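Peer 1: Below: one structure in structure tokens.
The values are calculated or read from the model by the stated rules, or taken from the named source; none is laboratory data. Quantities reported herein were computed from a predicted structural model and do not represent experimental measurements. FYI the Cβ positions are ideal-geometry reconstructions off the backbone, even for glycines, and counts take in every protein chain you see.
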Amino acid sequence: MQIEQRVKRYDTEDFLYWLRNFPGQVESAVELGRQAQIERPPVNRIYLGGMGGSGITGDLLSQFLYDKLTVPIRTIRDYQLPAEVDSRALVILVSYSGNTEETLSLYEAAQQVGASCLAITSGGELAARIKADPSGQLLTIPGGQPPRASAPYLFLPLVFWLDRVELATAPSSDAVVETVDELSQLVEELDPSVEENPALSLAGRLYDGINIIYGSQPLTAPLALRLKNQFNENAKMMAFANQLPELNHNEIMGWRQLATSQEKYRAIFLRDRSEHPRIQKRFDITAELLGELVEGIDQLTGRGESRFARFMSLMLYTDYVSYYAALLRGEDPSEITAIERLKERL
């Protein structure tokens with residue numbers, strides 16, 4: 001079955017639309033952050049609470065701004081805040097739907113200790129509660145799409161708002177223009193109608209096995225975790241993610257089991273030219289050692305001159321890979337029945 005036939009058969013809710021709209025979403029998200037009428041509270045640290053496609057915002061934000069932040073950011077994926085959170089902290093609550101129960105619980109916990117609260121959501125209960133809170137602040141983003149297809153809306157407004165309130169340094173206007181141009185070209189190159197499609201070819205090597213995804217601090221580690229999540233939700237397949245240099249101190253020993261496993265394993269390395277020289281060497285050695293145990297290793301890099309372009313283009317490219325893996329597996333990339341059933345039982 002040709003890939004365009006698979007799109008018609010399996011992509012019942014047009015997930016492809018959100019991939020094609022990714023460049024426009026980036027432009028819109030940047031403007032949301034630049035124009036956000038949100039005051040800077042007197043804080044010395046930030047806690048970002050969220051789950052799933054919303055929670056990955058904390059990882060993207062803290063790592064993309066790794067050397068640009070003037071306050072630390074910690075991601076919380078739980079019902080409770082750490083004991084050190086107090087009135088000097090900013091708690092950013094990210095829930096695309098506004099109805100994530102863990103995030104709502106974090107909001108209540110933040111109120112109890114007098115922390116400043118900022119909600120990023122398209123609506124729901126979280127928006128209603130923040131609007132009724134005289135001290136709460138709200139950044140509303142467009143609704144109607146899957147959270148995992150909304151990373152730019154969840155992540156980029158915060159980047160540019162933090163720059164405006166002098167808590168971080170955002171990409172330049174030139175970098176934004178370059179990024180949108182690169183993303184627009186990628187959308188054309190990776191469309192199902194394109195015969196020589198590298199994302200589809202990669203998905204063809206990956207869709208019937210278990211994928212091990214490795215990035216590095218600071219830039220590609222959160223993208224490795226995000227790709228793992230996209231394989232899980234979009235393609236309904238197992239995948240694992242870790243980062244260098246940490247995995248060289250522990251996970252490397254777990255590889256021994258791969259030699260006797262009946263499963264098909266492949267590795268994906270997410271790279272960037274800004275890597276520390278020792279990380280570059282670690283990737284080379286890791287590839288040499290792991291290459292003896294897996295069926296193959298694919299190394300991916302973002303494209304563009306700016307760090308912003310490379311980061312966002314690698315995000316979009318890997319989203320296409322997970323989308324095509326879903327279609328090749330005969331899966332609907334929008335369907336998340338198991339997650340919905342669990343929520344119902346809760």
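Peer 1: Quick one: is residue 159 closer than 23 Å to residue 311 by Cα, within 18 Å of the chain's Cα centre (by Cα) and part of a strand (DSSP E or B)?
Peer 2: no
Peer 1: Could you count how many residues in the range 16-36 are among the polar types (S, T, N, Q) and free of Cβ contacts under 8 Å to residues at least 24 places away in the same chain?
Peer 2: Adding up the residues that qualify gives 2.
Peer 1: Collect the residues in the range 249-279 that are of a type outside the set (Val, Ile, Thr) and under 26 Å from residue 57 (Cα atoms), keeping them in residue-number order.
Peer 2: 251, 267, 269, 270, 271, 272, 273, 274, 275, 276
Peer 1: Same structure again: Determine the pairs where a residue that is modelled with pLDDT of 95 or more, located within the range 224-239, has a partner that is of a type in the set (A, V, I, L, M) and in a helix (DSSP H, G or I) with Cβ atoms under 6 Å apart, the partner being 6 or more residues away or on another chain.
Peer 2: Listed by first residue and then by second, the contacts come to 226/56; 234/326; 235/325; 235/326.
Peer 1: Please enumerate the residues belonging to the range 165-217 that are charged (D, E, K, R), under 26 Å from residue 61 (Cα atoms) and buried (at least 16 other Cβ atoms within 10 Å of the Cβ).
Peer 2: 178, 182
Peer 1: So residue 328 fits all but one of (1) over 30 Å from residue 170 (Cα atoms); (2) of a type in the set (A, V, I, L, M); (3) in contact with a Pro (Cβ under 9 Å, 6 or more places away or on another chain); what number is the exception?
Peer 2: With (1) over 30 Å from residue 170 (Cα atoms); (2) of a type in the set (A, V, I, L, M); (3) in contact with a Pro (Cβ under 9 Å, 6 or more places away or on another chain) applied to residue 328, the lone miss is (3).
Peer 1: Test each condition in (1) of a type outside the set (Ser, Thr, Tyr); (2) touching a helix residue (DSSP H, G or I) at 6+ places or on another chain (Cβ under 9 Å); (3) exposed (fewer than 15 other Cβ atoms within 10 Å of the Cβ) for residue 67 and report the one that comes out false.
Peer 2: Single failed check for residue 67: (2).
Peer 1: Another question about this same structure. Looking at the range 240-282 only, could you name the residues that are more than 30 Å from residue 328 (Cα to Cα), of a type in the set (S, T, N, Q) and without any contact (Cβ under 8 Å) to a residue 12 or more places away in the chain?
Peer 2: Correct list: 250, 280.
Peer 1: Of everything in the range 116-152 that's of a type in the set (Ser, Thr, Tyr) and surrounded by fewer than 24 Cβ atoms within 10 Å (Cβ to Cβ), which residue is farthest from residue 317 (Cα to Cα)?
Peer 2: Result: 135.
Peer 1: Which residues, counting only those in the range 218-238, are surrounded by 19 or more Cβ atoms within 10 Å (Cβ to Cβ) and of a type in the set (Lys, Arg)?
Peer 2: Scanning the range 218-238 gives 226, 228.
Peer 1: Just to be sure, is residue 305 under 30 Å from residue 18 (Cα atoms) and surrounded by fewer than 19 Cβ atoms within 10 Å (Cβ to Cβ)?
Peer 2: yes
Peer 1: Given the residues 13, 4, 39, which is the only one that is touching a residue at least 24 places away in the same chain (Cβ under 8 Å), of a type in the set (Asp, Glu), surrounded by fewer than 16 Cβ atoms within 10 Å (Cβ to Cβ) and closer than 26 Å to residue 102 by Cα?
Peer 2: 39
Peer 1: Shifting gears a bit: Does residue 13 satisfy the condition of being in contact with an Asp or Glu (Cβ under 9 Å, 6 or more places away or on another chain) and among the acidic types (Asp, Glu)?
Peer 2: Answer is yes for this residue.
Peer 1: Please enumerate the residues belonging to the range 292-316 that are assigned to a loop (DSSP other than H, G, I, E, B), under 22 Å from residue 212 (Cβ atoms) and in contact (Cβ under 8 Å) with a residue 24 or more places away in the chain.
Peer 2: Within the range 292-316, 293, 294, 295, 296, 302 qualify.
Peer 1: Could you pull out the residue among 323, 317 that is touching a Gly at 6+ places or on another chain (Cβ under 9 Å), at pLDDT 95 or above and not aliphatic (A, V, I, L, M)?
Peer 2: After applying the criteria, what remains is 317.
Peer 1: Follow-up. It is to be established whether one or more residues within the range 67-78 are polar (S, T, N, Q), farther than 23 Å from residue 185 by Cα and without any contact (Cβ under 8 Å) to a residue 40 or more places away in the chain.
Peer 2: Yes: the range 67-78 contains one or more residues that are polar (S, T, N, Q), farther than 23 Å from residue 185 by Cα and without any contact (Cβ under 8 Å) to a residue 40 or more places away in the chain.
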